[in-house]
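Quick note: the coordinates plus some simple rules give every number you see, no bench work behind them. Because the structure is predicted, anything quoted here is derived from the model rather than measured. Cβ coordinates were reconstructed from backbone atoms using ideal geometry, including for glycine residues, and neighbour counts include every protein chain displayed.
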Amino acid sequence: MKRVISTENAPKAIGPYSQAIEANGFLFVSGQIPVNPASGEIPEGITAQTKQVMENIGGILKEAGYDYTHLVKCTCLLSDMDHFKAVNEVYAGYFQEDPPARAAYGVVKLPLGVLVEIECIAAK
């Protein structure tokens, strides 16, 4: 069984995918980009964009009955690996202890020309 998660507290999907799917005690959150769900705007700069991505993830987690402590794996996609340090500084603020496993990749291009996209898996 799977349950589709949808919330107004994260951007609507820009393609044929769900914001998240819950199945067998896991929550699979689709890659989130830094679109403000209320305004549709993309903030300037890697720090603001990373914060918006993490807030979008938080909105999805909350809708599904999870929080950041339930995250077990994240994948960060960066348009420029020179942003790695700045992303880490923002990202770390969402985990008081025991951060999830993570991978980070530099990619050629991200949707809508954003600087960062993060997908994740949570478990209860």
Contour minus Cα-Cα span, Asn9 to Glu44, at 0.36 nm per residue, comes to 10.6 nm
Computed Rg/Rh for the chain (Cα atoms; Rh = Kirkwood radius) stands at 0.94
Exposed-loop cut sites defined as GluC sites (Glu not before Pro) in DSSP loop states with at most 13 other Cβ within 10 angstrom; longest site-free run of the chain spans 45-96
Comparing Ser39, Ser79, Ser18 in a Gaussian network model of the chain (Cα, 10 Å), the one with the largest mean-square fluctuation is Ser39
Summing -39500 (n - 2.57) over every DSSP H run of at least 4 residues in the chain and dividing by its residue count gives a helix-only mean residue ellipticity at 222 nm, to the nearest 500 deg cm²/dmol, of -7500 deg cm²/dmol
Contour minus Cα-Cα span, Asn36 to Ala101, at 0.36 nm per residue, comes to 20.8 nm
With the 8 Å Cα cutoff and a minimum separation of six or more residues, the chain has a relative contact order in percent of 31
Of the listed links Lys2/Lys73; Lys2/Lys62; Lys62/Lys124, those spanning more than 21 angstrom between alpha carbons are none
Footprinting proxy, Ile14, Ile57, Ile5: sorted fewest to most Cβ within 10 Å, the residues are Ile14, Ile5, Ile57
If Arg102, Arg3 are placed from fewest to most neighbouring beta carbons inside 10 Å, the sequence is Arg3, Arg102
antiparallel share of DSSP beta bridges within region 2-123, to nearest 5, in %, is 75
The extension gain from Asp80 to Leu112, computed as 0.36 nm times the residue separation minus the Cα-Cα distance, is 10.0 nm
